[in-house]
1. If only one of PHE37, PHE107 is modelled with pLDDT of 75 or more and closer than 21 Å to VAL263 by Cβ, which one is it?
2. Residues in the range 113-156 that are farther than 20 Å from ALA184 by Cβ and more than 20 Å from the chain's Cα centre (by Cα): how many?
3. I'm told TYR220 meets every condition in (1) at pLDDT 90 or above; (2) over 29 Å from the mean Cα position of the chain (by Cα) except one. Can you identify the failing condition by its number?
4. Hey, among the residues in the range 53-67 that are in contact with a helix residue (DSSP H, G or I) (Cβ under 9 Å, 6 or more places away or on another chain) and farther than 30 Å from ASN296 by Cα, which one's modelled with the lowest pLDDT?
5. Does LYS65 meet the test of being assigned to a helix (DSSP H, G or I) and of a type in the set (D, E, K, R)?
6. Hey, among the residues in the range 258-302 that are among the small types (Gly, Ala, Ser) and under 12 Å from the mean Cα position of the chain (by Cα), which one's farthest from MET245 (Cα to Cα)?
7. Residues ILE149, ILE137, ILE194: which one is in a loop (DSSP other than H, G, I, E, B) and under 25 Å from GLY226 (Cβ atoms)?
8. Given ASN210, ASN131, which one is modelled with pLDDT of 95 or more, exposed (fewer than 15 other Cβ atoms within 10 Å of the Cβ) and more than 24 Å from ILE31 (Cβ to Cβ)?
Amino acid sequence: MQGDFFLTTWFFEGMKWIYENVTAHNAVLTILISTLFIKGITIFSDIASRKSSMKMSAIQPEISKIQKKYKDDPRRAQQEQQKLMKERGISMWGGCLPMLIMMPLFFCFIAAFRFWGYEQMVKLLISMNENPNNTEIFESFRFLWVHNIWQPDNGMVPVIMKAENFLAIKELPKLLYFQQNPEALQIFRNLGFIIEDVKNIPQASIDKYNELVKPLLDLYPGKNNGWFIWPLLAGATMFLSSWIMQKGQPKNDAAGGTGKFMVYVFPIMSFVFCLNYNTSFAIYWTISSIVTLGINLLLNKKYPRSLPAEGVKK
């Protein structure tokens, strides 16, 4: 996973450890535990953000006075506003902090789940090479209506990644799994699955791949991998969570536009990415959004929009 963010590697290795040592190779339970752990860490930024937003709301009358006083000098108005906010210990973007934090986390977690899926596929192919009749590993990939959680929940996607797509993955030789298990890398080389020029994949490699996955495809003949449900759930729960958060935020003219933009755009991004990346990430993002929704409901109750400034504890 060379070249990816440290956070991606940390999250990926953490999930692998839970998967192998805590949940007995139960991917969904691993995702649930990982989600709760991450939310347990980020909840402090959610609380800090809500307090910052409350403080920002409390000084809105003073900001309005500054804007009126220096309406012919926007630069001076901005300087005075920043000075006031600094004196009160307020960040202009404090109310949007959770959503701004989610953006880099979103892409880091996509990468982590993508590499986790690659690793599971590598293990599956090695297992099938050793025993073509043992489909137990692949059957464990099934969850609810999805036949393979390491493929997207998408009615137009096959249950197993096509040979041309899998063998063209440039990052494949750099997987941490191969670095930690050099014997597995040698097996993959012997199978012809480590391709130097991914634009010219040897037919022999494609044929060998198709031979190994045929018993797996025979389990679900003529079927694709899903029904688009997890991507829709991910987008819908993301929208509901963001909308509830925005609804509970006090009015903040400085960051309101950004918040509303992210409320509508981020769920669409979630849907599109979950439609194209493996189902395990869509499951994670849906669970994460549901937990966030619960946190936002609790914060809305503890820090209501109408709470006076003196009611916000430092």
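The values are calculated or read from the model by the stated rules, or taken from the named source; none is laboratory data. Keep in mind that what you see is a predicted model, and the values were worked out from it rather than measured. Neighbour counts run over all protein chains shown; Cβ positions are idealised from the backbone, glycine included.
1. The unique qualifying residue is PHE107.
2. Looking only at that region, the number is 8.
3. All conditions are met except number (2).
4. GLN67
5. Spelling it out, LYS65 is indeed assigned to a helix (DSSP H, G or I) and of a type in the set (D, E, K, R).
6. Step by step, filter the range 258-302, then rank; the result is SER280.
7. Of ILE149, ILE137, ILE194, the one residue that is in a loop (DSSP other than H, G, I, E, B) and under 25 Å from GLY226 (Cβ atoms) is ILE149.
8. Within the list ASN210, ASN131, the selection yields ASN210.
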